[in-house]
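First up is the structure itself, then whatever we jot down about it.
The values are calculated or read from the model by the stated rules, or taken from the named source; none is laboratory data. Values in this document were obtained by computation on a predicted structure and should not be read as measured data. Positions of Cβ are generated from backbone atoms using ideal geometry, with glycine treated the same way; all protein chains shown enter the neighbour counts.
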Amino acid sequence: MNKPRLYSGMQPSADSLQAGNYIGALLQWRDLQETYDAFFSVVDLHAMTQPNNPAELREKTRRTAAQYIAAGIEPSKSTLYVQSHVPAHAELAWILSTLTGFGEASRMTQFKDKSQRYGQDGTTVGLFTYPVLMAADILLYQTDIVPVGEDQKQHVELTRDLAERFNARYGKAFEVPVPVIQKDTARIYDLQNPTAKMSKSAATDAGVLWLLDDPKATAKKIMRAVTDSEGSVRYDRENKPGVSNLLVIYAALTGRQIPAIEDEYAGRGYGDFKKGLADVVVNEFGPVRERALDLLDDPAELDRVLAANARRAAEVAERTLGDVYDKVGL
Ligand code: ADP
Ligand code: NA
């Protein structure tokens, strides 16, 4: 196979994915899997950097995988697997950690933010070495491109540095991956707080559109989304973040241009616009939700698909790890 390699993943940190995960990641992945030899992981080892109930973690992992498939990631085309099913991730992370400077890791802004929030006692060594595990995820597959959000760019830079360092010190074992940063138009904000990114781990639920919510709940959240007092459906991120966010969601899910949507709703109120958007979102998420729930109805079959994909991933990963062990003297 001569297609370039692509790697991406998401944490199983909630029962459902949210609209930002769908628009900012899954929709892009679905297209990219046509031109790339794509590896999509449910990164459950990363999810362990937050406190988890074991049964819930297992369930969230399955649900996340089901939503990948329901959104159009094809397990026969892409390699769709669960990170912990491939032990090479943790093994390579150890090797890479011995090449990572303590100061270098300390400069990761996501760690600085999170450790400040968790405090001295809540901050684990696992949280600190998270970017090294992420580097291992990417490098194991000889990855050419990594589609990520802006917040992960620094981690991919570290990954590149580690790949170059290893290759220079021991001989070439890794491709040096290139990050592909998500477009601004694929960034979705919280419906109640439209300057904060929509997130699975948002403090409150009211502004999050869940992929697996029932259609009534979804429509209700959209009708209640924060807007402004101007009353015109117009894109202006700075002065009208709420309406702009709704326009971005509308455009992303219909494939239409924002000016065309503005024209359609010219002279009409926010109520009409929100009703139109609710229809768009419900029409898009409805079938995805149905497919995901169907897949979750047959966990044995889903597990079989994931196991087969993990074997495919392990084959590639073990080749890289074997070469690395050989080069470092293990
Ligand atoms: P979350 O904040 O929901 O936990 P993650 O950090 O697990 O999201 O991100 C998983 C993927 O979804 C990443 O590719 C990320 O860029 C994308 N993503 C997450 N939230 C958004 C959003 N609000 N808008 C666009 N893309 C998003
Ligand atoms: Na995350």
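Restricting attention to the range 115-157, the residues that are more than 25 Å from Tyr22 (Cα to Cα) and exposed (fewer than 15 other Cβ atoms within 10 Å of the Cβ) total 8. For Asn21, the conditions (1) out of contact with any Gly (no Cβ under 9 Å at 6 or more places or on another chain); (2) in contact (Cβ under 8 Å) with a residue 24 or more places away in the chain; (3) in a loop (DSSP other than H, G, I, E, B) are fulfilled apart from (3). If only residues of the range 215-231 that are in contact (Cβ under 8 Å) with a residue 24 or more places away in the chain and outside any helix (DSSP H, G or I) are counted, the one that is farthest from ligand 2 (Cβ to nearest atom) is Gly231. Determine whether the range 253-267 contains at least one residue that is under 25 Å from the mean Cα position of the chain (by Cα) and basic (Lys, Arg). Within the range 253-267, one or more residues are under 25 Å from the mean Cα position of the chain (by Cα) and basic (Lys, Arg). Just one of (1) under 23 Å from Asn52 (Cα atoms); (2) within 14 Å of ligand 1 (Cβ to nearest atom); (3) not in a loop (DSSP other than H, G, I, E, B) fails for Ser201. It is (3).
Identify all residues within the range 108-134 that are touching a residue at least 12 places away in the same chain (Cβ under 8 Å) and not in a helix (DSSP H, G or I); write none if there are none.
Our first condition is that a residue be touching a residue at least 12 places away in the same chain (Cβ under 8 Å); within the range 108-134, this holds for 108-111, 114-115, 124, 126-134.
Hits for the range 108-134 are Met108, Thr124.
No other residue among Arg312, Arg304 is outside the structural domain of Val226 (by the TED database), out of contact with any helix residue (DSSP H, G or I) (no Cβ under 9 Å at 6 or more places or on another chain), surrounded by 15 or more Cβ atoms within 10 Å (Cβ to Cβ) and charged (D, E, K, R) apart from Arg312.
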